[in-house]
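Working notes for the structure below.
The values are calculated or read from the model by the stated rules, or taken from the named source; none is laboratory data. No experiment lies behind these values; they were computed from the predicted model shown. Cβ placement follows ideal geometry from the backbone for every residue including glycine, while neighbour counts extend to all protein chains displayed.
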Ligand code: GAR
């Protein structure tokens, strides 16, 4: 199963996926390309580290969504690596019908909350401020409705007394780094 990863930032989840593949823990999945919508972000540095092509694709003209010329550039670039699965790992941009149709049914997203709770931006902060006893992370299929597609996997994280945004973020990220590679491995076995 050929996997393309799209991200916008640090790339700790992309690193977890690539490390899982290196460790033989990504099932029949193989990361073929990393794409970023920002030119100088950590996720792009993973390319040389793991021997995978890593490319900045210009997302202009929009700031928070992928539409118009930027969407066309992303569709062409991602299509060229012929992915069976497109993984959004911290890709901070709303996808529009052009990209969704180009990779219909093949796109999954990681979100830092137990969806359907706390969709959108800052899922970790939202949960902390709401005062709930637990949060977590979700991997779901991407549809036109933001953070609302079918949930494929979730991991729970308790929120303890005295929890700070930093301590909670560290726990959620640790859970994400296990969940996302496990879901990709699971999907790769389903395809066989
Ligand atoms: C992750 O926590 C992911 O859940 C979140 O961005 C972070 C990316 O971290 N995604 C969203 O909030 C999507 N709405 P990373 O760049 O270190 O993998």
Got at least one residue in segment 5-27 being surrounded by 21 or more Cβ atoms within 10 Å (Cβ to Cβ), touching a helix residue (DSSP H, G or I) at 6+ places or on another chain (Cβ under 6 Å) and assigned to a strand (DSSP E or B)?
yes
For residues in segment 121-179 being within 11 Å of the ligand (Cβ to nearest atom), under 14 Å from the mean Cα position of the chain (by Cα) and in a strand (DSSP E or B), which is surrounded by the most Cβ atoms within 10 Å (Cβ to Cβ)?
137
Can you tell me how many residues in segment 133-192 are on the phi > 0 side of the Ramachandran plot and touching a residue at least 24 places away in the same chain (Cβ under 8 Å)?
2
Pairs returned, first residue in segment 3-22 that is under 19 Å from residue 174 (Cβ atoms), second residue that is at pLDDT below 95, beta-carbon separation under 8 angstrom, 6 or more apart or interchain, are none
Applying the selection to segment 28-45, what residues are near the ligand (Cβ under 10 Å from one of its atoms) and crowded, with 19+ Cβ neighbours inside 10 Å?
36, 43
Against the conditions (1) within 16 Å of the ligand (Cβ to nearest atom); (2) under 25 Å from residue 172 (Cα atoms), where does residue 56 fall short? Just the number, please.
(2)
